[in-house]
């Protein structure tokens with residue numbers, strides 16, 4: 001007898017499945033040519049069906065060809081368009097070796113159910129559709145082990161019952177036993193009687209789910225570089241340019257000015273490509289290493305006086321204030337700053353007047369940042 | 001209608017208690033049809049009776065569409081061996097079918113005291129509800145307090161409840177409503 005360790009929860013979506021190695025794809029039907037009348041196939045989420053034959057139907061003026069099958073459970077007719085046969089996940093009834101693997105999987109201990117219901121639900125639905133008989137067994141086992149921790153919510157209780165029904169009917173067909181005996185086999189593996197120790201072999205590899213692209217992990221290097229500024233609608237080069245302007249104007253204006261001065265030295269070369277109309281992003285990399293801490297300091301310096309304590313101002317506003325004149329400008333009330341920023345843009349005043357005063361600072365800083373840079377650059381010259 | 005057929009002598013009080021309980025559980029009329037003999041063809045070499053064969057060979061009872069027939073026996077039953085071994089056979093039912101058999105061979109002895117008789121009756125009621133539940137298409141339930149929880153489960157208490165949980169009750173009621181008759 002082989003001792004089998006606990007089975008880990010099978011949902012690691014960021015791994016790339018290899019189709020030919022994945023047990024979930026064993027027995028998949030890839031073309032209608034593989035089907036013959038009398039064949040027994042499993043339609044995902046529907047159960048075991050028997051192929052009746054091919055059939056042509058006129059639908060919406062088109063002549064379409066279908067595979068006709070009947071669901072064994074209740075005799076319901078299922079029509080599948082021939083081009084869809086490969087994509088719906090139709091597969092042959094599990095072989096005895098596959099089924100043995102399923103039972104060894106069910107019998108293995110399982111101590112890591114997925115606790116996030118959204119992830120669990122999505123994974124379970126995907127497993128039922130594309131996971132083969134092992135995927136169905138995973139859903140049953142996963143929900144069963146979760147149910148031992150706490151009662152399942154109504155929707156998952158339904159899912160547990162329907163996946164159990166699918167598993168039992170496939171086991172029944174595969175092993176040639178009545179459904180209630182098949183269910184006894186399943187539960188004998190899931191919860192063996194007291195004193196019984198099952199002779200288990202290592203279970204098959206769990207079904208691997210491809211998952212949506214947004215779930216895949218970014219490379220570590222990229223994560224380190226990404227400060228989340230893009231999510232705030234910020235361009236790092238723009239902030240750097242603004243900070244450079246501040247450095248020029250705030251020179252010798254106390255502690256904050258000194259900090260900005262230090263910044264200016266590092267960025268000295270950066271404003272040139274921006275002013276030349278070249279790509280700011282191209283200029284960003286050399287400055288990146290030194291810039292973020294500097295701009296963050298600037299933002300911190302500007303934030304405290306201007307914004308209300310309950311609602312701190314976003315970073316772009318702070319950067320814009322720095323561009324306009326650093327700490328002095330930042331101390332003025334928001335309405336006054338908006339009024340000051342508006343006249344600098346020749347085409348915008350009318351639009352700025354229409355807007356309510358409270359909203360002006362939000363639109364103002366991004367608009368004001370550009371003239372400020374020019375101003376900063378001018379001062380520099 | 002649920003028809004109870006005994007394949008061994010049972011106390012009338014036990015059968016009356018069982019009839020009442022089945023009626024409460026499924027809302028269907030229940031009656032004791034009578035006693036029949038055990039089919040010899042179902043007996044295996046080890047003295048146990050093959051549950052599937054027993055249902056095939058037992059003397060039929062007159063029943064109508066959607067009637068469920070429940071056989072009670074004290075003989076030990078056997079099931080075909082599965083991939084991980086043979087599960088204990090407390091009974092056998094044709095899923096979504098019309099016949100089921102319950103064996104009392106695993107029960108604690110009925111005894112003569114009120115307490116032991118009560119335990120026996122409750123267990124008989126629980127197992128009967130379980131296998132009649134299979135006849136109405138119910139699957140096993142993970143809740144140990146539900147009658148559809150597997151009879152051999154290690155989490156099942158010594159004197160288990162003999163009622164269906166909310167989900168199983170609702171499902172059985174739905175099935176019964178949708179029955180042809």
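Does residue A:192 meet the test of being outside any helix (DSSP H, G or I), in contact with a helix residue (DSSP H, G or I) (Cβ under 8 Å, 6 or more places away or on another chain), under 23 Å from residue B:143 (Cα atoms) and within 11 Å of another protein chain (Cβ to nearest Cβ)? Even if it seems obvious, please write down each step before you answer.
Working: outside any helix (DSSP H, G or I): yes; in contact with a helix residue (DSSP H, G or I) (Cβ under 8 Å, 6 or more places away or on another chain): yes; under 23 Å from residue B:143 (Cα atoms): yes; within 11 Å of another protein chain (Cβ to nearest Cβ): yes.
Yes; evaluated as a whole, the condition is true for this residue.
Which strands (runs of 3 or more DSSP E) sit wholly inside region B:24-105 and have at least 2 residues that are touching a strand residue (DSSP E or B) at 6+ places or on another chain (Cβ under 8 Å), away from chain A (no Cβ under 14 Å) and closer than 23 Å to residue A:184 by Cα?
B:68-73
So how many residues does region B:170-181 have that are in contact (Cβ under 8 Å) with a residue 24 or more places away in the chain, assigned to a helix (DSSP H, G or I) and surrounded by fewer than 18 Cβ atoms within 10 Å (Cβ to Cβ)?
Qualifying residue count, region B:170-181: 3.
When region A:92-119 is examined, which residues are found to be under 29 Å from the mean Cα position of the chain (by Cα), in contact (Cβ under 8 Å) with a residue 60 or more places away in the chain and more than 14 Å from chain B (Cβ to nearest Cβ)?
Listed by number, the residues that qualify are A:111, A:112, A:114, A:119.
So which of A:137, A:147 ends up being at the interface with chain B (Cβ under 7 Å from one of its Cβ atoms) and assigned to a helix (DSSP H, G or I)?
A:147
Here's the yes/no breakdown for (1) touching a residue at least 24 places away in the same chain (Cβ under 8 Å); (2) surrounded by 16 or more Cβ atoms within 10 Å (Cβ to Cβ); (3) closer than 30 Å to residue A:149 by Cα:
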{"residue": "B:104", "(1), (2), (3)": "yes, yes, no"}
{"residue": "B:109", "(1), (2), (3)": "no, no, no"}
{"residue": "B:114", "(1), (2), (3)": "no, no, no"}
{"residue": "B:118", "(1), (2), (3)": "no, no, no"}
{"residue": "B:125", "(1), (2), (3)": "yes, yes, yes"}
{"residue": "B:132", "(1), (2), (3)": "yes, yes, yes"}
{"residue": "B:141", "(1), (2), (3)": "yes, yes, yes"}
{"residue": "B:144", "(1), (2), (3)": "no, yes, yes"}
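Of the residues that make up region B:93-102, is at least one in contact (Cβ under 8 Å) with a residue 12 or more places away in the chain, in contact with a helix residue (DSSP H, G or I) (Cβ under 8 Å, 6 or more places away or on another chain) and within 17 Å of residue B:158 (Cβ to Cβ)?
No, every residue in region B:93-102 fails to be in contact (Cβ under 8 Å) with a residue 12 or more places away in the chain, in contact with a helix residue (DSSP H, G or I) (Cβ under 8 Å, 6 or more places away or on another chain) and within 17 Å of residue B:158 (Cβ to Cβ).
Filter region A:171-180 for residues that are more than 7 Å from chain B (Cβ to nearest Cβ) and out of contact with any strand residue (DSSP E or B) (no Cβ under 6 Å at 6 or more places or on another chain); which is farthest from residue A:106 (Cα to Cα)?
Among those residues, the one meeting the criterion is A:176.
The rows are residues; the columns are (1) touching a residue at least 24 places away in the same chain (Cβ under 8 Å); (2) surrounded by fewer than 15 Cβ atoms within 10 Å (Cβ to Cβ); (3) within 17 Å of the chain's Cα centre (by Cα).
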position	(1), (2), (3)
B:9	yes, yes, yes
B:18	yes, no, yes
B:34	yes, yes, yes
B:37	yes, yes, no
B:40	no, yes, no
B:56	no, yes, yes
B:68	yes, no, yes
B:77	yes, no, yes
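Mind checking which residues of region A:120-149 are more than 24 Å from the chain's Cα centre (by Cα) and surrounded by fewer than 20 Cβ atoms within 10 Å (Cβ to Cβ)?
Once the filter is applied, which keeps residues that are more than 24 Å from the chain's Cα centre (by Cα) and surrounded by fewer than 20 Cβ atoms within 10 Å (Cβ to Cβ), region A:120-149 yields A:145, A:147, A:148, A:149.
Filter region B:130-169 down to the residues that are part of a helix (DSSP H, G or I) and at the interface with another protein chain (Cβ under 10 Å from one of its Cβ atoms) and list them by number.
Those that are part of a helix (DSSP H, G or I) and at the interface with another protein chain (Cβ under 10 Å from one of its Cβ atoms): B:131, B:134, B:135, B:166, B:167, B:168.
If a residue must be surrounded by fewer than 18 Cβ atoms within 10 Å (Cβ to Cβ) and part of a helix (DSSP H, G or I), how many such residues does region A:150-174 contain?
Residues that pass the stated criteria total 4.
Could you list, in sequence order, the residues of region A:159-169 that are under 27 Å from the mean Cα position of the chain (by Cα) and facing chain B (nearest Cβ under 8 Å)?
Result: A:160, single match.
Test residue A:183 against the stated conditions and say whether it is within 11 Å of another protein chain (Cβ to nearest Cβ), outside any loop (DSSP other than H, G, I, E, B) and more than 18 Å from residue A:104 (Cα to Cα).
No: the conditions fail for residue A:183.
We did not get these values from a lab; they are worked out from the coordinates using the rules stated. Because the structure is predicted, anything quoted here is derived from the model rather than measured. Don't worry about glycine lacking a Cβ; one is built from the backbone with ideal geometry, like all the others, and counts go over all protein chains shown.
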